[in-house]
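Inspection log for the structure reproduced underneath, given as structure tokens.
The values are calculated or read from the model by the stated rules, or taken from the named source; none is laboratory data. Please read these numbers as outputs of a predicted model, since none were measured by experiment. Cβ sites come from the backbone with ideal geometry, for glycine too, and all protein chains shown count toward neighbours.
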Amino acid sequence: GLNDISVKGLANKTGNERFAYDSYRRFIQMFSDVVMGLEKNKFEYVLEKIKESKHLKYDFELTANDLMEVIEVYKAFYKENLGQSFPQDPRVQLKLAIEAVFKSWDNPRAIYYRRMNDIPYDWGTAVNVQSMVFGNMGDTSGTGVAFTRNPANGTKEVYGEYLINAQGEDVVAGIRTPEAISKLAQDLPSAYDEFIKISNILEKHYKDMQDMEFTIEEGKLYFLQTRNGKRTAQAALQIACDMVDEGLITPKEAIKRLDAKALEQLLHPKFDETSLKNATKIGSALPASPGAAAGKIYFTASAAKEAHKRKEKVILVRLETSPEDIEGMHIAQGTLTARGGMTSHAAVVARGIGTCCISGCSQMEIDEENKVFTLGGHTFNEGDYLSLDGTKGDIYLGNIKTVPASIDGNFGRIMAWADSFRKLEIRTNADTINDAKMAKEFGAQGIGLCRSEHMFFQEQRIHNMRKMILARNEAERINALKALLEYQREDYIGLYTIMNGLPVTVRLIDPPLHEFLPKEDSQIELLARDMNMSVEEIHYQCDLLKEENPMMGHRGCRLAVTYPEIARMQARAIIEAAIYVKNSSKIEVTPEIMIPLIGEIKELQYVKTEVVNEITKVLEENNIDNIDYKIGTMIEVPRAALLADEIASEAEFFSFGTNDLTQMTFGLSRDDSAKFLDSYYSKKIYESDPFSRLDEHGVGKLVEMAVLKGRSIRKDIKLGICGEHGGDPSSIAFCHKLGLTYVSCSPYRVPIARLAAAQAALEE
Ligand code: PEP
Ligand code: MG
């Protein structure tokens, strides 16, 4: 602490009046900002005004007398804004400063950071009290920040910058341009040599890249702090591989310390750093699917497709997405929705195809009809530019330059190490040939969830799917199913061929009906023509199918109970495709047929019987005695978890559908929770989004119970997870602990899951 009296002592003792008063004005400024919450900029403004009046450019040109003047203005400003004088008692100064550090644990940035990094609230924070050293004592003093390796690309070189005659905050403030650390060898050679020597010792000691802050006070070097440095994903892999090659760490240690989530950075485009620095952020929402995207705004999938044909880059902006948006999402650089959570249609689909998506942006006011929305005080029309950072959930004005994804040899090395340690199998959630190919390249060991309703997203297919949904009677439905059978058989042949003998789990159709009903007039007219119905009749049929709670409505196995012909069609397609692939390509497949949304053993028995009977028919028609297949179920309704022992008597495998299991256990809509969860975070009721990170405490209990009950009846039951949590590192660690067979996640998360599974095994 400094006050009006001790500042004089400091000046006398050091014989450097300018230094003493510069330190005092810095202290008032920093204390007011960090401890009292007065905006730093306001003080900078005062300082600028005084410099201007004296025709000075740099802070260090201010004399001791100038600084005394600054201090008086600062103190007056402090009193005016805070209604009390700047405290003169050093004990009061210290106490308030310590309290400020503890309080920082509760600020919104810290809450956000903890949520992103899985840090529990109850860890709390610590306070270090250090004596001051001064880099502002003249030309043999200075201060800087440096890393032992390059944090952007991992190159082994000391990387950093410093300023002579300055304190730490000047380096970051950017008022003077700092020098590259290598120049310190000329300015203050002995301090530089010592700095290099100590930084080597620190890196060897901590066995990790260090981020160090130092000050030189009249030629003497002080280290203020050292910590493991933050780095890009590319640098993280480079450093890990180099350190293994240097013999500093083992592959096990390398794997343990990598940040699995950060791998996503490597697989998606990101913003060019320099362009991002000049960008204006206008809002943020849920980081539903990672990557950076910039393009022109379009409000419908069809307008987006037209623009794409004109070679424009497109951002699709929707209130929420539905199956007819899929092609638009596919060609768009990114998708932004006003509604929906981390497991909403937009989020799940975007993650599957690997494009950027920000969902649940409730600050946005969107008028889809008039093609306009407002956000952060700006109004956007069709064709305006917008940029999205799906990794962080940040939304920017304009067209920010992006740089493409890049993976190199280090990635393969790290993945091979991870595979040698992990016990969990990693499968993928894939519904299309492209998803499956991508996932296989990323190392997926099979398909853990093929959402078969997602196979009908193309224009013609969704039309036929709707004909089936809207059929007025069984005959019409069976007719519509004929077209779907052709698609299904062809798709399964494709998936089996790509997976080349690896397991493929197909889930029977599970369409929340509100996602599939036609909305646009043109689609309704087409259906009316094709189904020999009037437009009114189509509207009438749609009205009949409308539900108050579609997520708890006529979906999952309930659809197969009402219309078993749908399940029969799918069973036929799954098995006919397996026979075809076996005969034509000699690929042995063991299809795993998964029945969704079971809550009652009799539901499972009913649907299973239909499926088995149809399979028997197919085998007879093809003169085949037997084919390997498994029938299992999803555990996604709490009742199924409670009665998992009964269910295991009929199911050969369980796959935990933790999206619905979370929705129904919390009684929290997966599509609407984004609207109010922020209050839950700020009030510390929830520390994380239960749809992103599995709630071990509650939902996890149901999962654990179902695992134990399932195994008690069927010892070798295959157990997996296919909710979005299957790609989340902390949830994967939980799955490892429960001894699940596999986790299944979207293709771009497969590498993350491989690494996280290895980390979980090593942690054990
Ligand atoms: C789930 O509920 O976790 C699941 C995988 O199914 P869907 O997301 O398709 O409802
Ligand atoms: Mg589900």
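The requirement of being away from ligand 2 (no atom under 16 Å from the Cβ), within 18 Å of residue 599 (Cβ to Cβ) and among the basic types (Lys, Arg) is satisfied by residue 709. Out of all the residues in region 384-406, is one or more in contact with a Phe, Trp or Tyr (Cβ under 9 Å, 6 or more places away or on another chain), under 30 Å from residue 509 (Cβ atoms) and in a strand (DSSP E or B)? No. Restricting the first member to region 343-361 and to residues that are more than 19 Å from residue 375 (Cα to Cα), and the second to residues that are of a type in the set (Gly, Ala, Ser) and surrounded by fewer than 24 Cβ atoms within 10 Å (Cβ to Cβ), the beta-carbon pairs closer than 7 Å and six or more apart or on different chains are 345/322.
Yes or no, residue by residue, for (1) touching a Gly at 6+ places or on another chain (Cβ under 9 Å); (2) part of a helix (DSSP H, G or I); (3) under 28 Å from residue 441 (Cβ atoms); (4) of a type outside the set (D, E, K, R):
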residue	(1), (2), (3), (4)
678	no, yes, no, no
681	no, yes, no, yes
684	no, no, no, no
690	yes, no, no, yes
703	no, yes, no, yes
726	yes, yes, yes, yes
734	yes, yes, yes, yes
762	no, yes, yes, yes
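Quick grid of which residues meet (1) away from ligand 2 (no atom under 16 Å from the Cβ); (2) part of a loop (DSSP other than H, G, I, E, B); (3) surrounded by fewer than 18 Cβ atoms within 10 Å (Cβ to Cβ):
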site	(1), (2), (3)
486	yes, no, yes
509	no, yes, no
518	yes, yes, no
527	yes, no, no
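Counting residues in region 683-691 that are β-branched (Val, Ile, Thr) and modelled with pLDDT of 95 or more gives zero.
Among residues of region 707-723 that are under 20 Å from residue 662 (Cβ atoms) and of a type in the set (Val, Ile, Thr), those with a Cβ under 9 angstrom from a residue that is away from ligand 1 (no atom under 16 Å from the Cβ) and outside any helix (DSSP H, G or I), sequence gap 6+ or separate chain, pair up as 707/717; 707/739. Among residues of region 73-130 being in a loop (DSSP other than H, G, I, E, B) and hydrophobic (A, V, I, L, M, F, W, C), the one that is farthest from the chain's Cα centre (by Cα) is 86. For the condition hydrophobic (A, V, I, L, M, F, W, C), within 29 Å of residue 517 (Cβ to Cβ), touching a strand residue (DSSP E or B) at 6+ places or on another chain (Cβ under 7 Å) and in contact (Cβ under 8 Å) with a residue 24 or more places away in the chain, what is the one hit in 271, 299? The conditions single out 299. Scanning region 567-605 for residues that are closer than 16 Å to residue 639 by Cβ and either of a type outside the set (Val, Ile, Thr) or touching a strand residue (DSSP E or B) at 6+ places or on another chain (Cβ under 7 Å) (or both) yields 595, 596, 597, 598, 599, 600, 602, 603, 604, 605.
What residue, of 467, 437, 423, 371, is over 21 Å from the mean Cα position of the chain (by Cα), of a type in the set (Lys, Arg) and within 20 Å of residue 313 (Cβ to Cβ)?
When all the criteria are applied, what remains is 371.
Determine which single condition residue 505 fails, assuming it passes every other condition in (1) out of contact with any Gly (no Cβ under 9 Å at 6 or more places or on another chain); (2) among the polar types (S, T, N, Q); (3) buried (at least 19 other Cβ atoms within 10 Å of the Cβ). Just one mismatch for residue 505, condition (1). Assess whether residue 657 counts as being of a type outside the set (A, V, I, L, M, F, W, C), closer than 19 Å to residue 692 by Cβ, within 16 Å of ligand 2 (Cβ to nearest atom) and free of Cβ contacts under 8 Å to residues at least 12 places away in the same chain. In short, no.
Checking 678, 671 one by one, the residue that is of a type in the set (D, E, K, R) and within 16 Å of ligand 2 (Cβ to nearest atom) is 671 and no other.
Quick check: anything in region 548-557 away from ligand 2 (no atom under 16 Å from the Cβ) and surrounded by fewer than 17 Cβ atoms within 10 Å (Cβ to Cβ)?
Yes, because at least one residue in region 548-557 is away from ligand 2 (no atom under 16 Å from the Cβ) and surrounded by fewer than 17 Cβ atoms within 10 Å (Cβ to Cβ).
Note on region 605-622: residues that are assigned to a helix (DSSP H, G or I) and loosely packed, with under 15 Cβ neighbours inside 10 Å amount to 8. Mind listing whichever residues of region 618-632 are within 17 Å of residue 560 (Cβ to Cβ) and without any contact (Cβ under 8 Å) to a residue 40 or more places away in the chain? Listed by number, the list holds a single entry, 631. Only residues that are within 16 Å of ligand 1 (Cβ to nearest atom) and assigned to a helix (DSSP H, G or I) were counted across region 648-673, and they come to 10. Scanning region 705-724 for residues being assigned to a loop (DSSP other than H, G, I, E, B) and within 15 Å of ligand 1 (Cβ to nearest atom) gives a total of 2. Apart from one condition, residue 350 fits all of (1) part of a loop (DSSP other than H, G, I, E, B); (2) small (Gly, Ala, Ser); (3) within 16 Å of ligand 1 (Cβ to nearest atom); the exception is (1).
Here's the yes/no breakdown for (1) of a type outside the set (A, V, I, L, M, F, W, C); (2) more than 16 Å from ligand 2 (Cβ to nearest atom); (3) surrounded by fewer than 22 Cβ atoms within 10 Å (Cβ to Cβ):
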| site | (1), (2), (3) |
| --- | --- |
| 341 | yes, no, no |
| 348 | no, no, no |
| 351 | yes, no, no |
| 364 | no, yes, no |
